[in-house]
Amino acid sequence: MIELYTDAATRGNPGESAIGVFWKGNGNEGYHAEKIGVCSNHEAEFIALREGIRHVLPLQPDILSIRVDSKIVADAVERNYTKNPTFKPILDEIYSLLDGIPMFFVKWIPDKENRAAHRMATEALRK
């Protein structure tokens, strides 16, 4: 099982944004952070999850435990539904990527449990 933690940081809303991703499990641990341009905080949260999944796919997890501190993202992934036209194509990409993983689940976590991904996103935003 791989645990995937994702977060986003935005300066303004919309504004310059960055993502942070942290994963661990099956003897693996990794980080990824990058600036993603100007978008809303919620859009950046969806992008963070998409990019996080892209980074763990090569590890071929049999189970992926997704941990996010965005209720909007957690709810959208759990239901595979969003009515927001900006988030819909990103959610579709997320589900396309998840097709390659036998089992996954998403869990909303409080900010204090998402420190590693949060730190990565805020550091990337400062650069």
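Which of the lysines could be linked to LYS35 by a straight reach, that is with a Cα gap under 17 Å, when you skip same-chain ones fewer than 8 residues away?
Partners found: LYS127.
Springs between alpha-carbon atoms under 10 Å, Gaussian network over the chain: tell me which of LEU64, LEU98, LEU49 tops the mean-square fluctuations.
Top of the fluctuation ranking is LEU98.
Give the lysines whose C-alpha is closer than 18 Å to that of LYS107, dropping any in the same chain fewer than 8 places away, or say none.
In chain and number order, the partners are LYS24, LYS71.
Considering only DSSP states other than H, G, I, E and B, which chymotrypsin sites (Phe, Trp or Tyr not before Pro) in the range 33-110 qualify as loop sites with at most 16 other Cβ atoms within 10 Å? All intermediate terms of the calculation are to be shown ahead of the outcome.
On the way: sites: PHE46, TYR81, PHE87, TYR95, PHE104, PHE105, TRP108; in loops: TYR81, PHE87.
Listed in order of number, the matching sites are TYR81.
Quick one: MET1, MET120, fewest Cβ neighbours within 10 Å first, how do they rank? Could you put the intermediate results ahead of the total?
Numbers: MET1 12, MET120 24.
Fewest-to-most Cβ neighbours within 10 Å comes out as MET1, MET120.
³J(HN,Hα) across the range 81-92 via Karplus (A = 6.51, B = -1.76, C = 1.60, θ = phi - 60°), whole Hz, x for Gly/Pro?
7, 8, 8, 6, x, 6, 7, 4, x, 5, 4, 4
Every number here is computed from the coordinates shown, using simple stated rules; none is lab data. No experiment lies behind these values; they were computed from the predicted model shown. FYI the Cβ positions are ideal-geometry reconstructions off the backbone, even for glycines, and counts take in every protein chain you see.
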